[in-house]
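Below you'll find the structure, written out as C-alpha cells, and then a few comments.
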Amino acid sequence: MFKVRKDEPKYAFIPDVETPEKNRYGKAIKLVDESDPRAGQSLNINGDESVGDNPNRYKQHGFHFTADNCIGCHACEAACSEKNDLPAHISFRSVGYVEGGSYPAYKRMNISMACNHCDDPVCLKGCPTRAYTKYAEYGAVLQDPDTCFGCGYCTWVCPYNAPQLDPIKGQVSKCNMCVDRLEVGLKPACSSACLGGALEFGLIETIPENREQAKTTIPGFPDTSITHPNIRFQQVKSLPREMTRPDTMPIKYQRDEQGEGEYKTKVREQRRPRRWSLRKLLTSHENAHIAFTLCAQTVIGAFLLLLLAPMMGASSIANIHSDGTLLPLLGSLFILISVGMFKLNMHLGKPHRFYRGFNNLKHSPVSREIAGVSAFFAGFAGYCLFSLFDAGWATVLANMAAALALLGGLLGSYYMYKLYRIPARPYWNHWQTGTSFAGTSLSLGALVIGLVSVMVQGFTASATLIQLLALIALAGVLLEAVGLICHARDLKQKGGEGEASHLEQSFDYGNSYWLRNTLLLLNSIILGAIAVAGIELISASILLLSMLTASIIGRALFYVLVIPTTLPGAFFWRNKGFQEHARESGLAEMEQSGVLPRADYHDLHLARAIKEVKEDLGMGSSKSK
C-alpha cells in the first residue's frame, strides 16, 4: 500500500461527495455492489494483499481539467514520470496547447492529458494479448506490460495517445490512475502536483469545489463517442474563433457559430510544392506491415483463384493442376507467405511471445486476423505437402487442408480489413481499405500465377490462361482505382484529420501519389491489351515492374499518411516535426530531449528475446535477470 505522509495536505485527498446514479452516457457510476463477488478483492499492489478502505472504491472516478487555470508548468508530467520511473522518451501524461488570435490579444489554452479510463475502452477490445482490464475498483483501465508483446495496436485505436509503446523495451505501458494512492484516499500524483489547481480528480460527474462546469470537450479534444472518456472540462474564458496547433499537424479548430459554439476540426491550408518524400515513404516504421499485407493478400488471392476459378468453369486455371505448373506455383506462394509472416512477427516488440496474439479472439480483430491467417498458413502448408504425393489418401488430406486454407483465408482477409476500420484514424476508416485489399488480392494473385505459368510453360503454351488472368487482374486494379477516387472525394468532404491526410498526400507525397495513380492507369491499359491481344515479353516486363511499384508505393502511402485524432502537442513535445529535426540535427542523441535517435531496434528486440528465452529455460543468471 502507498504510505500516507503525516503532513499530507488536504488538497491531496479525494473528496467524498454525492454522485448521480448514472453518468451522461447512461452508464452506472457505481460499478458493482458490495455484495458482488468481485467486491472486497485486493488489487495486489506491489504484492500487498490488503484491501483499500476508500468508501467509493467501486465507483467510476475520473479527471476534471480546468483549462483556464493551467499555466503549462508541466508539474503534472514531472510528478507522473517520477512516480512511475519513466524514461525521457515516455510520458503517460503530457501537456500540449492550442493558440489563436493576434497581438495584443493573442491567447493560448493548455491541455493536460493522460489515459481517460473510458467507459468503452477501445484499447481493451483491440489488444490481442488481453493485457488490458477494466477494473470495478475506481473504474480504472489497467495494462500489464509483461503480458504485452509489443504490437502497438492499442496505440492506433486510442484517440488520446494514452498507451505508450517503448521501442527499447518492446512493450506498451500507460497511466494506471495511481490506484495505489487511490486505495488510501489520495488523488493521483499528477493531480496532487498541479500548481494552478487545473487538474482535479474524483468521482465522475461531480464538479470540484469552486468550479461550475463539467463539459465533455474543449478545443482540440477528440470525438467522445469513440470511447466515452471519464474526463470533464471547464473552460469559461473567451477564445478566438480559430485555434491552431503548435505542432506540424496540418489541422486547426474553428468555432461553429451556427451550432452550439463547439470547436470543429478543420484543415490548416498549407500550399506548398509537391514532393516525392521517398525516404520517409519507404523507411517508415510500418514497413513490416507493408510486406505482410502485400504478401498475405497476394498468396490468399492466388490460392483462392487456384481453388475457386475451376469451379466457375475456368478450364485454363484448372489445367494448372496437371500441366506441371502447380508445384512451382505452390512453392513460390509458400515462400511469399512465409516471408510476410516472418517480417510481421519480427516487427513485434517481443517476437518470441507471438503466441499471445490468440488471447483475445472474443473482441480483438487483430487476434481474429492472426487466427485466420495462421489457419490459412497451416492449411496451405498441408495442401503443398500432400500435393507432392500421388495417392488417394493424399488427395483426401489435400482437400481437407484446402478447405481449412479457404476458410482461414476468407476470415483472415476480412479481419485484416476490419482491424483498420479505426475511428481514431479517419484515413483508414473508409470502405476503400477493403477495396484496396481485395484489389491487391485479385491483381497480384493473378500476376503471380501468370508469372510462374510463363516461366514454366512459356508465353505460347499459357496464352489462354494469361488472357484470363489479365481480366482478373484488371478487375482488381479497377476495384482499387474506384475505391481511391471515392476515398479522396470523401476525405475532402468530411474534413478534419482525414482531409488533412489528403492534403499531405497531395503535397508532401504528391509526386509519389501521382506516380502511383499513373501506374494504375498504365496497368489498366496494359492488362486490357493483354486480355484482348495476348502478351509479349516487353509488355510482360513493363507490367510486372509497374504493378509491383504501384502496389508498394500505394501500400506505403496507406501507412505514412495517417493523421490520428490525437490531442495537440507542444512545440518541443509530441511534435512529429520536432522529432524529425532532433534526429537530423543530433539533438536526439541527448536523452533529455525525449526523442529517440533513429536506430534499428530489431537487434535490440532479438537480443532481448534470446535473453528472455534463456531465462525461461533456466539458462540465464540471476544477475543478468
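What follows draws every value from the coordinates through simple rules; no lab data is involved. Since we're looking at a predicted model, the values are computed, not measured. Neighbour counts are summed over all protein chains in view; Cβ atoms, including those assigned to glycine, are modelled from backbone coordinates with ideal geometry.
Rounded to the nearest 0.05, what FRET efficiency do Ile552 and Lys215 have when you use their Cβ-Cβ distance and R0 = 45 Å?
On the way: r = 46 Å, r/R0 = 1.02.
So, using R0 = 45 Å, E works out to roughly 0.50.
Run the numbers on the chain and let me know its relative contact order in percent, using alpha-carbon pairs under 8 Å that are six or more apart.
On the way: 1107 pairs, mean separation 101.8, N = 625.
Result for the chain is 16 percent.
Quick one: what do you get for segment 385-532 if you divide its Cα Rg by 2.2 N^0.38 Å? Walk me through the numbers before you get to the answer.
Working: Rg = 19.5 Å, N = 148, 2.2 N^0.38 = 14.7 Å.
Output field value: 1.33.
Where does the charge balance sit around Tyr417 when Lys and Arg score +1, Asp and Glu -1, over other residues with C-beta under 15 Å from its C-beta? It would help to have the intermediate numbers written out before the result.
Numbers: positive: Arg368, Lys418, Arg421, Arg425, Arg555; negative: Glu369, Glu480.
Value of the local net charge: +3.
Which of rounded, prolate, oblate describes segment 479-587, given a ≥ b ≥ c as roots of the alpha-carbon gyration tensor eigenvalues and a/c under 1.5 marking rounded, otherwise prolate only if a/b is larger than b/c?
Numbers: a/c = 4.39, a/b = 2.00, b/c = 2.19.
Oblate is the answer for segment 479-587, as a/c is 1.5 or above yet b/c matches or exceeds a/b.
Under a cut-off of 29 Å between alpha-carbon atoms, report the lysines in cross-link reach of Lys494, not counting same-chain residues fewer than 8 places apart.
Once the sequence-local lysines are set aside, what remains near Lys494 is Lys107, Lys125, Lys215, Lys252, Lys264, Lys266, Lys280, Lys418, Lys576.
Express in nm, to one decimal, how much length is gained between Arg5 and Tyr355 on full extension, taking 0.36 nm for each residue of separation and deducting their alpha carbon distance. The partial results should precede the final answer.
Numbers: separation 350, 0.36 × 350 = 126.00 nm, distance 4.44 nm.
Using 0.36 nm per residue and subtracting the Cα-Cα distance, I get 121.6 nm.
Using the Kirkwood radius over Cα pairs, work out the Stokes-Einstein diffusion coefficient for segment 317-356 at 10 °C and 1.306 mPa s, in µm²/s as a whole number.
Values: Rh = 12.1 Å.
D = 131 µm²/s.
Report the charge-dipole magnitude of segment 284-435 in Debye, nearest 20, computed about the Cα centre from +1 at each Lys and Arg Cβ and -1 at each Asp and Glu Cβ.
The dipole magnitude comes to about 780 debye.
Could you check the spin-label model distance between Ala394 and Lys362? Points 7 Å from the Cα along Cα→Cβ, value in nm.
Taking the simple label geometry, Ala394 and Lys362 are separated by 4.5 nm.
Just to check, using Stokes-Einstein with a Kirkwood Rh over alpha carbon pairs, what's the diffusion coefficient of segment 15-249 at 10 °C and 1.306 mPa s in µm²/s? Display every interim value, and only then the final one.
Working: Rh = 18.6 Å.
Estimated via Stokes-Einstein, D reaches 86 µm²/s.
For Ala529 and Leu327, compute 0.36 nm times the residue count separating them, minus their Cα-Cα distance, and round to one decimal in nm. Intermediate values should be presented prior to the final figure.
Numbers: separation 202, 0.36 × 202 = 72.72 nm, distance 2.92 nm.
69.8 nm is the gain from fully extending Ala529 to Leu327.
How big, in percent, is the set of alpha carbon pairs in segment 168-269 lying more than 17 Å apart?
Values: 3434 of 5151 pairs.
In whole percent, the long-distance tail amounts to 67.
If you place +1 on the Cβ of every Lys and Arg and -1 on the Cβ of every Asp and Glu, how big does the dipole about the Cα centre of the chain come out, in debye to the nearest 20? Mind showing how you got there, number by number?
On the way: 62 positive and 56 negative charges, 167 e Å.
About 800 debye.
Of Cys70, His487, Phe376, which is farthest along the charge dipole of the chain in the positive direction, counting Lys and Arg as +1 and Asp and Glu as -1 at C-beta?
It is His487, whose Cα lies furthest towards the positive end.
Which order do the peptides 208-220, 491-503 take when ranked by the mean count of other beta-carbon atoms within 10 Å per residue, highest first? Let's see the in-between values first.
Values: 208-220: 16.3, 491-503: 20.2.
Averaged packing, sorted descending, gives the order 491-503, 208-220.
Calculated FRET efficiency, Gln493 and Met590, Cβ-Cβ r, R0 51 Å, to nearest 0.05? Walk me through the numbers on the way to the answer.
Working: r = 44 Å, r/R0 = 0.87.
After rounding, the FRET efficiency stands at 0.70.
Any chance you could check the Cα centroid distance between segment 1-64 and segment 396-471 for me, in angstrom?
Taking the Cα centre of each part, segment 1-64 and segment 396-471 sit 52 Å apart.
Which loop-located trypsin sites (Lys or Arg not before Pro) does segment 1-55 contain, where loop means any DSSP state but H, G, I, E or B and the Cβ has at most 12 other Cβ atoms within 10 Å?
Lys3, Arg5, Lys6, Arg38
Would you please name the chymotrypsin sites (Phe, Trp or Tyr not before Pro) within segment 138-169 that are DSSP coil residues with at most 16 other C-beta atoms within 10 Å of their C-beta? Could you put the intermediate results ahead of the total?
Values: sites: Tyr138, Phe149, Tyr153, Trp156, Tyr160; in loops: Tyr138, Phe149, Tyr160.
Filter output for segment 138-169: empty list.
Charges on Cβ only, +1 for Lys and Arg, -1 for Asp and Glu, centred on the Cα centroid of the chain; of Cys118, Asn359, Val595, which one is farthest towards the dipole's positive end?
Val595
Between Ala28 and Asp146, take the C-beta separation as r, use R0 = 25 Å, and let me know the FRET efficiency to the nearest 0.05.
With R0 = 25 Å, the Cβ-Cβ based efficiency is 0.20.
Return the distance in nm (one decimal) between the two label points of a simple spin-label model at Ile485 and Gln41, each offset 7 Å from Cα along Cα→Cβ.
Those two pseudo-labels are separated by 5.6 nm.
At 0.36 nm per residue, and after removing the present C-alpha to C-alpha distance, how many nm does the segment from Lys125 to Glu82 gain when stretched out fully?
Values: separation 43, 0.36 × 43 = 15.48 nm, distance 2.96 nm.
Length gained, Lys125 through Glu82: 12.5 nm.
Using a basic spin-label model with each label point 7 Å from the Cα along Cα→Cβ, how many nm lie between Asp48 and Asp256?
Spacing of the two 7 Å Cα→Cβ label points: 4.6 nm.
Using only DSSP helix segments of four residues or longer, with each worth -39500 (n - 2.57), what per-residue ellipticity at 222 nm results for the chain after dividing by its residue count and rounding to 500?
On the way: 18 runs with 278 residues, N = 625.
My calculation for the chain gives -14500 deg cm²/dmol from helical runs alone.
Tell me, what are the semi-axes, in whole angstrom and largest first, of the equivalent ellipsoid of the chain as set by the roots of 5 times the Cα gyration tensor eigenvalues?
Values: eigenvalues 487, 177, 92 Å².
Gyration-tensor ellipsoid for the chain: 49, 30, 21 Å.
Roughly what % antiparallel, to the nearest 5, for the DSSP beta bridges in the chain?
90 percent
Of Leu203, Pro167, His61, which is farthest along the charge dipole of segment 15-249 in the positive direction, counting Lys and Arg as +1 and Asp and Glu as -1 at C-beta?
Sorting the options by dipole projection puts first Pro167.
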